[in-house]
1. DSSP loop trypsin sites (Lys or Arg not before Pro) in region 71-153 with at most 11 other Cβ atoms within 10 Å of their Cβ, which ones?
2. Give the Rg (one decimal place) followed by the Dmax (whole number) of region 109-174, computed from C-alpha coordinates and expressed in Å.
3. Between 0 and 90 degrees, rounded to the nearest ten: what's the tilt of helix 109-122 against the longest Cα principal axis of the chain?
4. Can you put 30, 167, 97 in order, fewest other beta carbons within 10 Å first?
5. What residue among 119, 40, 170 has the largest mean-square fluctuation in a Gaussian network model of the chain, using Cα springs under 10 Å?
6. Work out from phi, with θ = phi - 60° and the Karplus expression 6.51 cos²θ - 1.76 cosθ + 1.60, the ³J(HN,Hα) of each residue of region 46-51, listed in order in whole Hz, and give x for Gly and Pro.
7. Taking Cα centroids, how far is region 150-182 from region 49-120 in Å?
8. Treating the angle as unsigned and between 0 and 90°, give the value, to the nearest 10°, between the Cα long axis of helix 158-168 and the longest Cα principal axis of the chain.
Amino acid sequence: MYQYPHTIENKFGEKLVFVDRIKEPDGDKLITEGFVEPKAGPPIHVHWKQEESLTVISGKMGTLIPGQEPVYYGPGETATFMRGTWHKFWNAGEDELHVKGWVKPANNFEYFIEGVYKALDEGKHDRPEIKRIAFLTMHYRSEFATGDIPAVVRKVIIPATYYISKLTGAHKKFTDAPAPLK
C-alpha cells in the first residue's frame with residue numbers, strides 16, 4: 001500500500017516521515033521520523049490499540065498526560081505512551097524539533113494520520129475539513145480519539161455529518177480506507 005519512506009506534512013508546522021514498516025510476530029512496527037515547528041504538535045489524543053514512542057534527536061519536546069505535570073525531553077531522551085493513554089506532545093523549544101520513533105502495532109495509523117493531515121490542510125479558520133474529519137473520527141473510533149473537540153461537535157456535528165455524508169455519497173472518496181479494527 002505504501003512505499004517507504006513516505007512523507008506527509010500539514011500547514012500547522014508538522015512533518016512526519018513514515019520511514020519503514022517492519023513485520024514482527026506481534027504486529028507491524030511503523031518507524032517514524034518527525035519534524036515539528038516551535039509551539040506546533042498534535043492535540044491531546046489517544047491510540048486505543050497502539051503504543052507510541054518518540055526519541056528527541058534535536059530540540060525540546062514537551063509532553064502532557066492529563067492529570068500529570070508536563071514533562072520535557074531533550075536530545076537522546078525518549079517518551080513512550082502506552083495504548084489507551086491520553087497524551088499530547090509539542091515543540092517546547094525555539095528551534096525545529098526533530099524526533100524519531102515508532103508506533104506498534106501499526107494497524108491503520110498511517111491511513112488515519114495522513115487523512116487527519118489532509119483534513120487540516122483542507123479546512124478553514126484553523127479547523128479541519130468537516131466531512132473528512134467526520135469520516136476518520138467515526139470510522140476509526142475503535143482505534144483513535146481526539147480530546148480537544150468541543151462536546152457538541154464530538155457528539156452531534158461529527159456523527160450527523162458522517163451519516164449525512166454517507167447517505168449523500170460523499171464517502172465514495174474513502175473507498176480505499178482500510179477496515180477499522182474491532
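1. Answer by residue number: 124.
2. 11.1, 28
3. It works out to around 70 degrees.
4. 167, 30, 97
5. Greatest mean-square fluctuation among the candidates belongs to 170.
6. So the J values, rounded to whole Hz, are 9, 10, 6, 10, 10, 8.
7. Each part reduced to its Cα centre gives a spacing of 26 Å.
8. 50
Where a number appears in this text, it was derived from the coordinates with a stated rule and is not lab data. Please read all numbers here as calculations on a predicted model, not as lab measurements. Quick reminder, even Gly has a Cβ in these numbers, built from the backbone with ideal geometry, and neighbours come from all protein chains shown.
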